[in-house]
Ligand SMILES: [Zn+2]
């Protein structure tokens, strides 16, 4: 399918000026970005009506199927939230639940301009089946813990071999849930697998003060990044979600290993975990990405809200309104995420995947047209997303979803899955 998006304002990258022009798509790739021309024989022409085309957003950390648990455990401390509310339901999850939970999340993703995500959850085949419906870029991140690690290495090997070659829009990261849920033998085994295969790894890292304190007590004063570094977990780089309590030494180690921190401002704020040192990361030339974390802890998958928090939490923490500007948040939500996950996208360039969002500039919250980049971060929200294109396919278009399942079916199934899990947990 050849698509011509014309009469548009184009933000090819947050670090470049916005210009008037058009974009041509052939199959899953962008084949032209530039000024107006009339020589492209398109199957479909879309008049953008002077609205803004930008890269699709990359949600670099989530647990998609946890959308099933939205609203069941709020206003609780993190430990009670996880151990009393979430784990008892997760115990009964089936691949079918994960499929419908992921579909619910994907509907929300495309509605909100998200075209790429990194998912750490159970049943990767069910997650992949859901993501394939809508064609989002998908990074499957293994979240092993010592509790669920029986036959784990065989599983990692199986999924790594399957998903490393299945499509250029899918990647697989071996990894761990977190340091505090992993015995040393498991960390070493995953590190050895990464060393043998050259794979990058993924983990939750230094999310809470308790996690860091407990780790230093257990491991001779070493923080989670220092301890994992010692075991070779980061030898090929990778991604680390949260990084809330990371000091100068931790950040230097992560940078040296090429590990990209994924910032989850909304989740950290709602669970009262803290504020990640984004300013320090940027100041030391790191390129953090942004995630929403799971819907059970956020509770929205809104990269617009996360971009706002990415910038404004630093203004608050540093008592400096210039600390992290809007453009840094836009870069983190697009190019940094795509690059960290290894997908050819995050900017509107010839040859990149056609992962594109059309933003409504003709709405009250975007006027006057003074500075579109600032408005995208500080005043835009999901209601400004008019259209989302994933790998050259229009998957969301002003209220219409083209994601393989109808919203009505997804809503009904997600209700059924949650009620069934609650019933099983109650009778246990
Ligand atoms: Zn998480």
Only residues that are closer than 20 Å to residue 394 by Cβ and surrounded by 17 or more Cβ atoms within 10 Å (Cβ to Cβ): list them for region 13-26, please.
-> 21, 22, 23, 24, 25
Confirm whether residue 198 is touching a residue at least 12 places away in the same chain (Cβ under 8 Å) and either touching a helix residue (DSSP H, G or I) at 6+ places or on another chain (Cβ under 6 Å) or more than 16 Å from the ligand (Cβ to nearest atom) (or both).
-> yes
Quick one: residue 268 ticks every box in (1) under 28 Å from residue 321 (Cα atoms); (2) crowded, with 18+ Cβ neighbours inside 10 Å; (3) more than 22 Å from the chain's Cα centre (by Cα) bar one, so which box is it?
-> (3)
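Does residue 165 meet the test of being more than 16 Å from the ligand (Cβ to nearest atom), surrounded by fewer than 20 Cβ atoms within 10 Å (Cβ to Cβ), without any contact (Cβ under 8 Å) to a residue 40 or more places away in the chain and farther than 20 Å from residue 259 by Cβ?
Criteria met by residue 165.
Rundown of residues vs (1) more than 14 Å from the chain's Cα centre (by Cα); (2) at pLDDT 95 or above; (3) more than 26 Å from residue 69 (Cα to Cα), yes/no style:
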residue	(1), (2), (3)
282	yes, yes, yes
290	no, yes, no
316	yes, yes, yes
342	no, yes, yes
347	yes, yes, yes
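Just one of 293, 235, 320 is within 16 Å of the ligand (Cβ to nearest atom), in the same structural domain as residue 173 (by TED's automatic domain parsing) and assigned to a loop (DSSP other than H, G, I, E, B); which is it?
When all the criteria are applied, what remains is 293.
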Give, as residue ranges, the strands (runs of 3 or more DSSP E) completely inside region 337-428 that count at least 3 residues that are in the same structural domain as residue 134 (by TED's automatic domain parsing) and more than 23 Å from residue 292 (Cα to Cα).
-> none
Of the numbered conditions (1) out of contact with any strand residue (DSSP E or B) (no Cβ under 7 Å at 6 or more places or on another chain); (2) farther than 14 Å from residue 146 by Cα, residue 174 satisfies every one except a single condition; which is it?
-> (1)
Subset tally (residues that are in contact with a helix residue (DSSP H, G or I) (Cβ under 6 Å, 6 or more places away or on another chain) and more than 16 Å from the ligand (Cβ to nearest atom)) for region 238-250 | 1
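Taking the condition of being within 16 Å of the ligand (Cβ to nearest atom) and in contact with a helix residue (DSSP H, G or I) (Cβ under 8 Å, 6 or more places away or on another chain), how many residues in region 265-290 meet it?
So the answer is 13.
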Answer with yes or no whether residue 186 is closer than 24 Å to residue 83 by Cβ, in the same structural domain as residue 63 (by TED's automatic domain parsing) and away from the ligand (no atom under 16 Å from the Cβ).
-> yes
Please tell me if residue 298 is in contact with a helix residue (DSSP H, G or I) (Cβ under 9 Å, 6 or more places away or on another chain) and at pLDDT below 95.
-> yes
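Might you let me know whether region 209-232 holds any residue that is within 30 Å of residue 354 (Cβ to Cβ), assigned to a helix (DSSP H, G or I), assigned by TED's automatic domain parsing to the domain that holds residue 291 and in contact (Cβ under 8 Å) with a residue 24 or more places away in the chain?
no
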Might you let me know whether region 154-170 holds any residue that is at pLDDT 95 or above, within 16 Å of the chain's Cα centre (by Cα) and not in a helix (DSSP H, G or I)?
-> yes
Only residues that are touching a strand residue (DSSP E or B) at 6+ places or on another chain (Cβ under 7 Å) and over 19 Å from residue 198 (Cα atoms): list them for region 126-168, please.
-> 127, 128, 131, 134, 135, 136, 137, 138, 145
Whichever residue in region 54-98 is away from the ligand (no atom under 14 Å from the Cβ) and under 20 Å from the mean Cα position of the chain (by Cα) and, among such residues, is surrounded by the fewest Cβ atoms within 10 Å (Cβ to Cβ) | 70
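The values are calculated or read from the model by the stated rules, or taken from the named source; none is laboratory data. Keep in mind that what you see is a predicted model, and the values were worked out from it rather than measured. Using ideal geometry, Cβ is built from the backbone for each residue, glycine included, and neighbour counts are taken over all protein chains shown.
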